[in-house]
Amino acid sequence: MKDEAIYRRLFRTALLIRLVEERIIALYPSDKIQSPVHLSIGQEAVAVGVCDALRADDLVFATYRSHGFYIAKGGKLDAMFAELYGRKDGISGGKAGSMHLAAPDVGLMGSSAVVASTIPHAVGAALSFKRRGGDRIAAAVFGDGATEEGVYHESLNFAALMRVPVLFLCEDNGLAVHSHRPIRQSYRLIEHAAAYGIAGRRLEEGWDMLAVRQATLEAAAHVRSGEPFVLEIATSRYKEHVGVGEDFHFNYRTTDSVDAWKRRDPLIVDAKLVAELSPELEREIDAAVAYAEASPAPGRLELLTDVI
Ligand SMILES: Cc1ncc(C[n+]2csc(CCOP(=O)(O)OP(=O)(O)O)c2C)c(N)n1
Ligand SMILES: [Mg+2]
């Protein structure tokens, strides 16, 4: 049976992520957002279910498509919008932008435009947790395309050898830019992980926040006991790879697969709850946008701080 209180909590955060990204779409033509954006619309349930299952003191290392993980881990909305605007009060003083969101105060340690580059950082953090004792874990979040990078394989090997508490979390939207997974990969992720002695699981129901949460709770328990784990979650990217538009006119995919996902998407299906929660969340977003608008541009000294 669905736990209503948990469902509502997850739904609220997922809706906040979607409304934030819809606001980004609305603002983008104004050119106030000084950064390329990779929207996670369609993928919110993954960020929300995963972060809800993790503990506040667990660390997450993510990708350029991480507005959802930033918000779900508890990052501040006003500092996020100021960052997108390239302003002084942004999380990184306006120098990092959408692709490099971080919120170390709540455990989002970093994200990067370089595919797969934060995976070894998560393994390193997990090694440090192991050496210090305790049961904190680190999660490496990455797309299906990132698993083709050499560093993914090196990270699996090292994590398996050292038995470090790292959760490898693959957001499988089936795409790397415009390229479909079956023409890129000769392996299945969970079978591949097994070759390193790492257990794993694939979850097909990536639209279902409660299922994602439950799968992550089970995976995290395994990791907390001192073993790496690969959790692969199927999901769907509705918008273009980068930018705020759609990309069906490129004819590399049809609307069918996305439409099938939308028919199960709680943020569409549960229209009543959307209507109930949206006004309050839109006010929260209004305040964050106003904060960004009021924040000054960084000065020369601020621009040169923390970059070398
Ligand atoms: C090391 C590296 N190689 C190539 C690129 C170009 N690139 C940017 S996104 C991307 C696709 C990545 O796909 P995936 O990991 O599945 O993430 P998704 O965009 O689907 O979330 C590529 C190849 C890059 N940014 N970094
Ligand atoms: Mg992908």
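Miscellaneous remarks
- Scope segment 143-173; condition in contact with a strand residue (DSSP E or B) (Cβ under 9 Å, 6 or more places away or on another chain) and farther than 19 Å from Phe129 by Cβ; matching residues: Gly143, Asp144, Gly145, Ala146, Thr147, Glu148, Glu149, Tyr152, Cys170, Glu171, Asp172, Asn173
- Of all residues in segment 81-105 being over 25 Å from Pro29 (Cβ atoms) and surrounded by fewer than 18 Cβ atoms within 10 Å (Cβ to Cβ), the one that is nearest to ligand 1 (Cβ to nearest atom): Pro104
- Test: Ala195 is at pLDDT 95 or above and farther than 30 Å from Lys262 by Cβ: yes
- Selection over segment 174-208 of residues that are among the aliphatic types (A, V, I, L, M), away from ligand 1 (no atom under 15 Å from the Cβ) and touching a residue at least 40 places away in the same chain (Cβ under 8 Å) gives a count of 2.
- In the set (1) in a loop (DSSP other than H, G, I, E, B); (2) at pLDDT 95 or above, Lys95 fails one condition alone, (2).
- Residue within segment 160-173 that is within 16 Å of ligand 1 (Cβ to nearest atom), charged (D, E, K, R) and part of a loop (DSSP other than H, G, I, E, B) present: no
Yes/no per residue for (1) in contact (Cβ under 8 Å) with a residue 12 or more places away in the chain; (2) more than 23 Å from Ala234 (Cβ to Cβ); (3) more than 15 Å from ligand 2 (Cβ to nearest atom):
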{"site": "Arg136", "(1), (2), (3)": "yes, yes, yes"}
{"site": "Ala139", "(1), (2), (3)": "yes, no, yes"}
{"site": "Ala146", "(1), (2), (3)": "yes, no, no"}
{"site": "Leu156", "(1), (2), (3)": "yes, no, yes"}
{"site": "Leu161", "(1), (2), (3)": "no, yes, yes"}
{"site": "Phe168", "(1), (2), (3)": "yes, no, no"}
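- Candidates Arg237, Arg253 - the one that is under 30 Å from Arg55 (Cβ atoms) and either at pLDDT below 95 or within 16 Å of ligand 1 (Cβ to nearest atom) (or both): Arg237
- From the list Ser40, Ser30, Ser35, the one residue that fits, being of a type in the set (S, T, N, Q), out of contact with any strand residue (DSSP E or B) (no Cβ under 6 Å at 6 or more places or on another chain) and crowded, with 23+ Cβ neighbours inside 10 Å, is Ser40.
- Residue in segment 157-167 that is under 23 Å from Val106 (Cβ atoms) and either β-branched (Val, Ile, Thr) or surrounded by fewer than 24 Cβ atoms within 10 Å (Cβ to Cβ) (or both) present: yes
- Test: residue in segment 82-90 that is more than 17 Å from the chain's Cα centre (by Cα) and among the hydrophobic types (A, V, I, L, M, F, W, C): yes
- Which listed residue is in contact with a strand residue (DSSP E or B) (Cβ under 6 Å, 6 or more places away or on another chain) and either away from ligand 2 (no atom under 16 Å from the Cβ) or among the hydroxyl-bearing types (Ser, Thr, Tyr) (or both), from Val244, Val223, Val289: Val223
- In segment 28-42 there is at least one residue matching the filter, namely being out of contact with any His (no Cβ under 8 Å at 6 or more places or on another chain) and at pLDDT below 95.
- Per the listing Gly49, Gly42, Gly74, the residue uniquely more than 16 Å from ligand 2 (Cβ to nearest atom) and assigned to a loop (DSSP other than H, G, I, E, B) is Gly74.
The values are calculated or read from the model by the stated rules, or taken from the named source; none is laboratory data. Bear in mind that the values here come from a model prediction, so they are computed numbers and not experimental data. Because the Cβ atoms are built from the backbone with ideal geometry, glycine has one as well, and the counts that use them run over all protein chains shown.
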